[in-house]
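Encoded as structure tokens, the structure appears first; notes follow it.
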Amino acid sequence: MTATDTHRAIDAVWRIESAKLIAGLTRMVRDVGLAEELAQDALVVALEKWPETGVPDNPGAWLMQTAKNRAIDRLRRRKLLDRKHEQIGYELESDQDGYEEKFFDKLDDDIGDDLLRLVFISCHPVLSTEARVALTLRLLGGLTTDEIARAFLAAEPTIAQRIVRAKRTLADAQVPFEVPRGEELAQRVSSVLEVIYLVFNEGYSATAGDDWMRPNLCEDALRLGRILAGLMPKEAEAFGLVALMEIQASRSKARTGPDGQPILLLDQDRSRWDRLQIQRGLAALERAVQLGGSDGPYVLQAAIAACHARAATAQDTPWARIAQLYQRLAARTPSPVVELNRAVAVSMAFGPQAALPLVDALLQEPSMKQYHLLPSVRGDLLFKLGRREEARVEFERAAGLTRNARERDFLLGRAAECA
């Protein structure tokens, strides 16, 4: 194996194993920043040794053992053993040299629980949404600071500072490394799901830049969603989110043309949709419903996505059913964006004249002032009603609001059609 092949293998191993490594170390040192540092130390050793010795048969175990050894050395140097004794309620044994190894041997127990704890720490409400997203991609997604910065079109120092501040905030707040219970659990699960879906959405419809999609972010979010569903097998909303992301991601190859230009849902070649992903999504949706989550926000959105997935052609789409589902979603989680989506479904089911008042009712909504899809939808309704000049104004306004170059070109094209 060449050095290049070895480095590719190390990168792949790190993406797979880093979250488990950091989770296990965090359980021991009770400091997510230190845990990540120890994991990075192990990665550096691998980068030095594996090109010469080859990739071990069990690279994850090799990295964990190396990180344990580094952690033991640090604990000894910093004389933290007594404090660690107090934290875990052990009595200091006379044979202290043997103690560290015994203590670290426990790190491999309950790795699933450790991962779940790391999920809840990364998405803790004490952090800002931006910090939660960055820290989750760093600790659980295995992305480098540079990769996160490029994904969100941000400066690398900005992302680095965001991650450092997030870890410092968690340490200062003494956030416990545990799975929350009772009412707090539901609130925290909601925060975790929000972060994962934010990552997915940024990949599915990039808010800025030259590309309509960033597939790697979608893949990272899907992987995190699957991990969460596996760790919380009775959480209906986790399966609902996985179902939603699987079905939406199934359309990826059909969403852009040869030159990267956007292709709207109704114009897509459905033979290019990934049927395996659709099957996985429908299975996750069925699981969510079996768990009693039919009215959960993500389950309802997945049910809407499933209506599209099951339709053989655009003409077969059950728009009246979709409008009903959006109405249920609006009752569950009132939102101007949900209302806008409901208006689109109403338009398709009952005509643009029925939908225009729903859209016009959102024009005075403060949170929608800079939301480019509002004038975009309104422009489409006006175009269908034959009010071409008004439609042109709306499309041009939408183009001025979006920060995505592909979307801007598409909207200006719609405006040109109105002439």
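Here, each number is a calculation from the coordinates, and none is a lab measurement. The structure presented is a predicted model; accordingly, all values stated were derived computationally and were not measured. A quick note on method: Cβ atoms are made from the backbone with ideal geometry, for glycine too, and the neighbour counts reach across all protein chains shown.
Tabulated values for the structure
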| quantity | calculated |
| --- | --- |
| Nearest 10 degrees, 0 to 90: helix 215-231 Cα axis against the chain principal axis | 60 degrees |
| Trypsin sites (Lys or Arg not before Pro) lying in DSSP loop within region 116-221, provided at most 13 other Cβ fall within 10 Å | Arg181 |
| Sorted by Cβ density within 10 Å, fewest first, the residues Glu389, Glu394, Glu202 | Glu389, Glu202, Glu394 |
| On Cα atoms only, tilt of 373-384 relative to the major axis of the chain in degrees | 30 degrees |
| Computed P(r) (all Cα pairs; the chain; 10 Å bins; percent) | 4, 18, 27, 24, 14, 8, 3, 1, 0 |
| Acute angle (nearest 10 degrees) that the helix 405-417 long axis makes with the longest principal axis of the chain, alpha-carbon atoms | 0 degrees |
| Pairs beyond 25 Å (Cα-Cα), from Lys20/Lys234; Lys20/Lys167; Lys20/Lys49; Lys68/Lys167; Lys253/Lys369 | Lys253/Lys369 |
